[in-house]
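Just so it is clear, none of the values below were taken in a lab; they were calculated from the coordinates. Worth saying up front: this structure is predicted, and the values here are computed from it rather than measured.
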């Protein structure tokens, strides 16, 4: 269900997995480097601070954590986030009440593709607190293989306030890329099937302006095939469990809508 560009991931012992999970959880929440003393105190670990410090150093040697500047703490690398998604992350999902609310909103949407895109992008941006996009691909002529792609965005301003992006040029570059239909086509995974979700993290991106970001993309469609993409763009320090769950949920609702209306 998820792209795995890194290939082989390192083998970790249970304690290493526990500590890596804790570092990622704390960093996603705080955006700050995480020190061994903070982990021992917050998670009531039954080992010493020195032991946790040694484990952090080992995870750094494996390329899963990094030591920024002169900080006493560590932050996840792109590989660390990939390990989390593939091996540590709980089942992605939204709370039942959020799913009910989204389902109700989609039942009220008019039978219009532009309205679908606006609702899908605004719902994803609201639920994830990141930037979101939704596309609708349709044939210009049913007898010709010529397509147009309608795109809608929401929440760009939400990534502007993230601490990672104090240098606004980074966000401007990615906004420019997302509005360029030719370059966007290089980012969207055409081999993705309806209902699948692809996650690309930081350095995994082939296009340089996207490398400070992570991209979670899903496809929606009908029984005869997918007809569009939905996705979320945010810092590599995003809540992947929630974001993937949101993309899957909204994608399923869009697919149901497309089938019901014969889009």
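Which of 13, 242, 149 moves most in a GNM of the chain, Cα contacts under 10 Å? Looking only at 13, 242, 149, the largest GNM fluctuation is found for 13. Which entry in [x] 19.8, 70; [y] 20.6, 72; [z] 21.5, 75 matches Rg and Dmax of the Cα atoms in Å derived from the coordinates of this structure? It is the one labelled [x]. With the alpha-carbon atoms of the range 14-88 aligned to their principal axes, the span from lowest to highest coordinate is 28, 27, 24 Å, starting with the largest. Expressed in units of 2.2 N^0.38 Å, where N is the residue count, the Cα radius of gyration of the range 15-146 is 1.52.
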